[in-house]
1. I need the full set of residues from segment 62-89 which are within 21 Å of Met151 (Cα to Cα) and of a type in the set (D, E, K, R), in order please.
2. Restricting to strands (runs of 3 or more DSSP E) lying wholly in segment 26-100: which have 2 or more residues that are at pLDDT 85 or above, closer than 16 Å to Arg2 by Cα and under 19 Å from the mean Cα position of the chain (by Cα)?
3. Could you tell me which of the residues Leu155, Leu171, Leu129 is more than 30 Å from Val41 (Cβ to Cβ), at pLDDT 70 or above and surrounded by 10 or more Cβ atoms within 10 Å (Cβ to Cβ)?
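The values are calculated or read from the model by the stated rules, or taken from the named source; none is laboratory data. As the structure is a prediction and not an experimental result, all values here were calculated from the model. A quick note on method: Cβ atoms are made from the backbone with ideal geometry, for glycine too, and the neighbour counts reach across all protein chains shown.
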Amino acid sequence: MRYQIVGKQIDIGEALQTHVKTQLGEVLTKYAGRPTDALVVFSRSAHEYVCEATVHLSTGLTAQAKAHATEIYAAFEACCEKMDKQLRRYKRRLKNHHRDRTEPVELFGASSYILASEDMSEESEPESLQPIIVAETETQIPSLSVGEAVMQMELAGAPVLIFKNERKNGLNVVYRREDGNIGWIDPSQ
């Protein structure tokens, strides 16, 4: 397993790196089996330390956790507890999907654009209907089943997930509805 432990404008010592590898490694081996890599980012927000952890699992799922505390070790411990809780909640599902999947999740490249928001407070018409592109990045679209997509969305804490449906070979969307349920958009071919 590869660990990437970084600090944003703070120095991360060897002792903290060793502690992170040991503690996070224990949590991941207990629940996830074969994690591929982990990214742990430490930063400061006013008087608090912030710890963000992202772990990519061999099943193609990505688990994320974030925590704040006044001490850097306490921030990591809280983040590690959240990761532990997430993986414990989904352990049965992870095992079931892992049995069916013999190969890692296939990923497809796509372009992602950030569009400038327009100030609609004025009642004037926009000059053109073409939006202004602020940024363009590359993103990955996973090939998953609907159940795996819902689990991935919940593990990542995302409000929406676009994925390639393994059964129908088309792009689908799952999203969290305002009533707390999950919505699934499956366009007809």
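1. Within segment 62-89, Lys66, Glu81, Lys82, Asp84, Lys85, Arg88, Arg89 qualify.
2. Those strands (runs of 3 or more DSSP E) span 35-45, 48-57.
3. After applying the criteria, what remains is Leu171.
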